[in-house]
Number of protein chains: 2
Amino acid sequence: MAESLPGASRNTKQRGEILGLLRQTDDFRTAQQLYADLRSQGSGVGLTTVYRALQTLVDAGEADTMRLPSGEQLFRLCGQGRHHHHLVCRQCGRTVEIDGPAVESWTDRIAREHGFTDVSHTLEIFGTCSACAAKPE
Amino acid sequence: MAESLPGASRNTKQRGEILGLLRQTDDFRTAQQLYADLRSQGSGVGLTTVYRALQTLVDAGEADTMRLPSGEQLFRLCGQGRHHHHLVCRQCGRTVEIDGPAVESWTDRIAREHGFTDVSHTLEIFGTCSACAAKPE
DNA sequence: ATGGGTGCAAATAATTTGCAGGTAA
DNA sequence: TTACCTGCAAATTATTTGCACCCAT
């Protein structure tokens with residue numbers, strides 16, 4: 001009969017630390033930032049491990065990933081499994097998950113009208129959150 | 001009194017070649033692809049120059065730029081100066097400029113409702129165009 | 001025991017920058 | 001002239017991969 005799931009991931013100390021850090025905030029962060037945070041709190045986790053753990057989470061649907069206009073990849077734990085978008089503060093990275101059913105159907109319709117199939121899209125909103133707008137600098 | 005515009009760009013042979021290539025298609029392409037094309041058609045333009053010319057065009061509002069989900073930066077000449085989005089074929093890169101006034105106001109409203117200011121957004125649609133869908137492989 | 005997980009160093013890849021020499025205006 | 005432009009090489013940055021060793025199961 002069937003053997004145990006081939007893709008099952010292990011509970012290592014490193015992944016625990018990475019997950020713990022990710023759970024501390026809802027904000028999007030780069031692998032490099034997470035790595036730096038881990039280091040500064042005394043963890044010996046390697047950068048490679050951070051990248052691999054994040055990719056594993058994304059593949060498992062447990063983390064969201066997106067790119068800044070500058071191209072850097074961002075990660076955060078998933079608030080919900082389904083498709084959604086993000087409103088991200090440019091200053092502090094504060095993130096709000098956004099649902100846009102109207103946008104979903106609009107993009108699909110537009111694409112179909114142009115003869116495109118197998119449609120997907122990316123939509124991210126950037127701005128300055130109220131907390132950051134209140135700060136002097 | 002005021003001296004001539006400091007940012008005026010010159011008509012060099014290299015920029016002419018790059019522009020000529022860009023004008024041959026409406027599709028989005030990477031700097032590396034453009035560079036390779038120039039080389040294969042015998043041009044001696046350097047990769048650095050391609051990058052700098054493209055950035056200059058973007059800064060001048062004469063070129064659009066966007067990123068694939070994979071992070072690679074794409075460029076193409078601007079069909080219009082104003083803000084707009086793109087419907088891009090994953091297979092051949094065929095691009096259609098899309099206008100979405102409703103999306104613009106929606107993103108602004110959502111952002112404001114969450115206390116965000118200085119709002120911007122990115123929205124790109126990907127799919128398979130009819131020509132590519134018709135191909136056997 | 002064993003197959004996935006880890007870390008370091010090296011490899012990729014896409015851009016960018018330092019510089020010395022070239023050139024449009 | 002002279003400020004901007006070029007190209008090559010070197011430097012940056014982000015991310016991935018090779019590998020030998022380690023550990024959760």
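We did not get these values from a lab; they are worked out from the coordinates using the rules stated. For clarity, every value in this text was computed on a predicted model and none was experimentally measured. Backbone-built Cβ (ideal geometry, glycine too); neighbour counts: all protein chains shown.
Can you work out D for the protein assembly as shown in µm² s⁻¹ from Stokes-Einstein, where Rh is the Kirkwood radius over C-alpha pairs, the temperature is 4 °C and the viscosity is 1.567 mPa s? Show your work: numbers first, answer last.
On the way: Rh = 21.5 Å.
Answer, rounded: 60 µm²/s.
Hey, in the GNM for chain B with a 10 angstrom Cα cutoff, which one of B:ASP26, B:ASP37, B:ASP64 fluctuates hardest?
With Cα springs under 10 Å in chain B, the top fluctuation among B:ASP26, B:ASP37, B:ASP64 is at B:ASP37.
Mind listing which GluC sites (Glu not before Pro) in region A:40-117 are in a DSSP loop and have 10 or fewer other Cβ atoms within 10 Å?
The qualifying sites: there are none.
What FRET efficiency comes out for the pair B:SER40/B:ASN11, r = Cβ-Cβ distance, R0 = 25 Å, nearest 0.05? Show your work: numbers first, answer last.
Values: r = 24 Å, r/R0 = 0.96.
Result of the calculation: an efficiency of 0.55.
Please give the average number of partner chain Cβ atoms lying within 10 Å of the Cβ of each residue in B:123-134, rounded to a whole number. List each step's numbers first, then the result.
Values: counts 9, 5, 12, 8, 13, 6, 5, 4, 1, 4, 4, 1.
If you average over the peptide's residues, the count of other-chain Cβ atoms is 6.
Note down the nm distance, to one decimal, between modelled labels 7 Å out along Cα→Cβ at B:HIS83 and at A:GLU104.
With each label placed 7 Å out from Cα toward Cβ, I get 2.4 nm.
Using only DSSP helix segments of four residues or longer, with each worth -39500 (n - 2.57), what per-residue ellipticity at 222 nm results for chain B after dividing by its residue count and rounding to 500? If you can, show how the numbers build up before the last one.
Details: 5 runs with 52 residues, N = 137.
That comes out to -11500 deg cm²/dmol.
Dividing the convex hull volume of the alpha carbon atoms of region B:21-137 by its residue count, what do you get in Å³ per residue?
Details: hull volume 16.3 nm³, N = 117.
Dividing the Cα hull volume of region B:21-137 by its residue count gives 139 Å³.
Once fully extended, how much extra length lies between B:TYR51 and B:GLN32, figured as 0.36 nm per residue of separation less the alpha-carbon to alpha-carbon distance? Write down the numbers at each step before the final one.
Details: separation 19, 0.36 × 19 = 6.84 nm, distance 0.87 nm.
Roughly 6.0 nm would be gained on extension.
Can you compute log10 of I(q)/I(0) for region A:13-77 with the Debye formula, treating each Cα as one identical point scatterer, at q = 0.16, 0.17, 0.18, 0.26 Å⁻¹?
-0.45, -0.51, -0.58, -1.21
Just to be sure I understand: with springs between alpha-carbon atoms less than 10 Å apart, which residue in B:GLY93, B:GLY127, B:GLY42 has the highest mean-square fluctuation in the Gaussian network model of chain B?
B:GLY42
Let me see the P(r) profile for region A:85-134: every Cα-Cα distance counted, bins of 10 Å, each bin given as a percent of all pairs.
In whole percents, the pair-distance histogram is 24, 36, 24, 13, 2.
Hey, fewest Cβ within 10 Å first, where do B:ARG112, B:ARG76 land in order?
Least crowded to most crowded, the residues run B:ARG112, B:ARG76.
Report the label-to-label distance for B:THR25 and B:ALA134 in nanometres (one decimal), using points 7 Å from each Cα along the Cα→Cβ vector.
1.9
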